Amino acid sequence: MHQMTLAEIARGLADKKFSSEELTKVLLARITQLDPQLNSFISLTEALALEQAKAADARRANGESGALLGAPIAHKDLFCTQGIRTSCGSKMLDNFKAPYDATVVAKLAAAGAVTLGKTNMDEFAMGSANESSWYGAVKNPWNLEHVPGGSSGGSAAAVAARLLPAATATDTGGSIRQPAAFTNLTGLKPTYGRVSRWGMIAYASSLDQGGPLARTAEDCAILLQGMAGFDQNDSTSIDEPVPDYSASLGDSLQGLRIGVPKEYFSAGLDPRIAELIQNSIKDLQKLGAVIKEISLPNMQHAIPAYYVIAPAEASSNLSRFDGVRFGHRCEQPKDLIDLYKRSRGEGFGPEVQRRIMVGAYALSAGYYDAYYLKAQKIRRLVKNDFMAAFNEVDIILGPTTPNPAWKLGAKNSDPVAAYLEDVYTITANLAGLPGLSMPAGFVDGLPVGVQLLAPYFQEGRLLNVAHRYQLNTDWHTRTPTGF
């Protein structure tokens with residue numbers, strides 16, 4: 001049962017081959033048995049899961065149907081879940097139980113999805129390795145000595161290890177696509193505003209976006225269908241009709257124009273990954289796609305711009321964690337300033353403190369124009385590059401990451417080295433574009449991903465290309481040894 005995809009589970013439940021309750025019990029037992037090796041969960045919600053599974057079975061018995069009705073999933077631990085700890089991977093929120101459900105959680109629950117638990121993550125979604133969590137690092141099921149990617153590493157490791165078929169995740173600079181690449185999954189970052197951010201604890205408000213992590217593009221289509229849609233509670237949500245993502249999965253790729261930026265194949269890219277990307281291009285050409293070299297000239301400026309904008313927004317967003325209303329509070333503060341200082345010093349980890357300091361500096365008097373304003377101008381140039389490219393091509397293809405997953409602790413002493421691993425992903429966040437990573441092979445036994453980018457609200461196009469590719473390759477079917 002644990003090897004089934006979301007689509008297979010939906011068919012099995014519809015055909016009454018098993019019940020949601022039976023499946024839920026199998027997966028909960030599997031998590032209890034195997035997750036100590038991975039540390040992919042922060043909280044298990046057994047009672048809630050069994051209650052939701054029984055309710056889903058009852059709904060099916062009454063004639064209801066739906067791809068997510070009775071399907072087990074998990075939520076990244078920054079989606080608020082009513083009455084359940086929502087920690088954001090931080091000591092600061094270790095004692096926080098959300099008083100309401102995030103819109104994504106509520107929508108999926110209404111569709112009948114069964115919540116098995118909350119997955120581990122980099123603290124406040126700040127990281128590329130899932131090593132900054134207060135609950136400890138998450139291990140990559142393909143090699144337990146390596147990182148699973150971040151910040152959605154808990155969701156990625158759990159799905160890759162077949163502890164569950166799919167999970168929610170978020171992407172601020174690549175935090176869905178990079179873990180997907182490192183763990184042999186398909187991960188989709190939707191267009192900014194496509195999925196509600198209400199109840200999703202913010203890191204950088206103009207960059208954050210929720211999305212699905214699963215083993216196949218077909219499963220991502222199913223989960224995104226349940227997550228997407230306008231939300232009047234979210235001022236950044238866009239009132240745009242949500243298409244049937246599964247309906248377009250069989251479309252032909254004949255004549256599809258794929259752009260390959262020359263800037264992607266620089267000295268920083270592992271040549272073995274470059275070879276796998278070229279193989280993917282050949283596979284898509286066989287399916288009828290047309291390849292064209294393009295240029296994204298301002299890509300080189302994206303990382304410095306991102307690491308000004310994201311920390312600046314983080315320093316503003318995290319100011320609410322002051323030890324007064326909720327979250328960690330220091331013992332016996334002498335006065336209000338002492339309460340603020342010690343609560344934040346004790347509650348936030350080193351990476352979060354580092355980014356708050358950088359952000360506060362960039363926004364400070366005398367430096368705002370030099371750093372933050374300049375970064376926003378670069379952001380516009382990055383977006384303009386994409387708009388020009390999409391006048392010539394239908395999608396853009398390249399590597400998801402420059403290297404495969406590194407060893408745990410290998411980049412801890414050099415945060416900038418970890419930041420550079422986001423070079424191919426952060427441009428989509430700066431421009432607000434949808435992006436997808438899909439499995440494309442292995443280097444030294446570790447998975448490698450290929451990234452696809454599309455114009456705004458063309459998630460269906462990305463899912464279709466990935467689905468057609470996966471019908472003709474078997475990378476996504478590989479399972480890590482021992483899981």
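The values are calculated or read from the model by the stated rules, or taken from the named source; none is laboratory data. Remember, predicted model here, so these are calculated numbers, not experimental data. Backbone-built Cβ (ideal geometry, glycine too); neighbour counts: all protein chains shown. To get the accessible areas, we keep the full protein, side chains included, count just its heavy atoms, and leave off ligands, DNA and RNA. Shrake-Rupley method; radii C 1.70, N 1.55, O 1.52, S 1.80 Å.
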For the chain, with all protein chains present and a 1.4 Å probe, just round the carbon and sulfur fraction of the accessible area to a whole percent. 52 percent
Probe 1.4 Å, protein heavy atoms only - accessible area per residue of region 333-406 in square angstrom: 51 Å²
Quick one: 3J(HN,Hα) in Hz for region 232-244, Karplus 6.51/-1.76/1.60 with θ = phi - 60°, rounded, Gly and Pro as x. 5, 6, 10, 5, 9, 6, 9, 7, 10, x, 9, x, 7
Please list Glu145, Glu293 in order of solvent-accessible area, largest first, computed with a 1.4 Å probe with all protein chains present. Glu293, Glu145
On a C-alpha basis, how far is the centre of region 419-483 from the centre of region 84-108 in Å? Whole number, if you could? 28 Å
If you wrap a convex hull around the C-alpha atoms of region 59-110 and split its volume per residue, what is the figure in Å³? 83 Å³
For region 310-317, Karplus couplings with θ = phi - 60° (6.51, -1.76, 1.60), whole Hz, Gly/Pro x: 5, x, 4, 5, 5, 4, 6, 5
For region 307-362, what are the per-bin percents of Cα-Cα distances with bins 10 Å wide, up to the bin holding the maximum? 26, 50, 23, 2
If you build the Cα gyration tensor of the chain and take the root of 5 times each eigenvalue, what three semi-axes come out, in whole angstrom, biggest first? 31, 30, 20
Taking only DSSP H segments of four or more residues, each worth -39500 (n - 2.57), what value at 222 nm results for the chain once the sum is divided by all its residues, to the nearest 500 deg cm²/dmol? -11000 deg cm²/dmol
Report Rg (one decimal) and Dmax (nearest whole number) for region 390-431, counting Cα atoms only, units Å. 13.7, 43
For region 184-246, compute Rh as the Kirkwood radius over C-alpha pairs and then the Stokes-Einstein diffusion coefficient at 10 °C and 1.306 mPa s; write the answer in µm²/s, rounded to an integer. 131 µm²/s
Other residues with Cβ under 11 Å from the Cβ of Ser246 give, with Lys and Arg +1 and Asp and Glu -1, a net charge of -3
What's the center-to-center distance, using Cα atoms, between region 142-192 and region 7-69 in Å? 20 Å
In 10 Å bins starting at 0, how do the alpha-carbon pair distances of region 1-156 split up by percent? 12, 38, 34, 14, 2
Compactness summary of region 213-254: radius of gyration and Dmax from Cα atoms, Å, are 12.7, 41
Whole number in Å², please: accessible area per residue of region 1-115, 1.4 Å probe, ligands, DNA and RNA not counted. 40 Å²
What ranking of Phe182, Phe96, Phe326 comes out by heavy-atom accessible area, probe 1.4 Å, highest first? Phe326, Phe96, Phe182
Region 1-47 - Rg over Rh from alpha carbon coordinates, Kirkwood radius: 1.02
Taking 223-234, 359-370 and ranking on average Cβ neighbours within 10 Å, highest first, one gets 223-234, 359-370
Low-density loop cleavage sites - chymotrypsin sites (Phe, Trp or Tyr not before Pro) in region 1-82, where at most 16 other Cβ are within 10 Å (DSSP): Phe18
Expressed to one decimal in nm², the mean projection of the alpha carbon convex hull of region 116-246 is 7.3 nm²
Taking the convex hull of the alpha-carbon atoms of region 328-483 and averaging its shadow over every direction gives an area in square nanometres of 14.4 nm²
Tell me, what is the per residue accessible area of region 421-476 in Å², probe radius 1.4 Å? 21 Å²
In Å, the Kirkwood hydrodynamic radius of region 98-193 over pairs of distinct alpha carbons? 13.5 Å
What Rg and what Dmax come out for region 20-106 when only alpha-carbon atoms are used, in angstroms? 14.2, 45
Region 363-451: projected area of the alpha-carbon convex hull, averaged over directions, in nm²: 7.8 nm²
Using a cut-off of 25 Å between alpha-carbon atoms, which lysines can reach Lys54, once sequence neighbours fewer than 8 places away in the same chain are excluded? Lys16, Lys17, Lys25, Lys76, Lys97, Lys107, Lys118
Only sites in a loop by DSSP and with at most 15 other Cβ atoms within 10 Å count here; which GluC sites (Glu not before Pro) in region 304-372 make the cut? Glu331
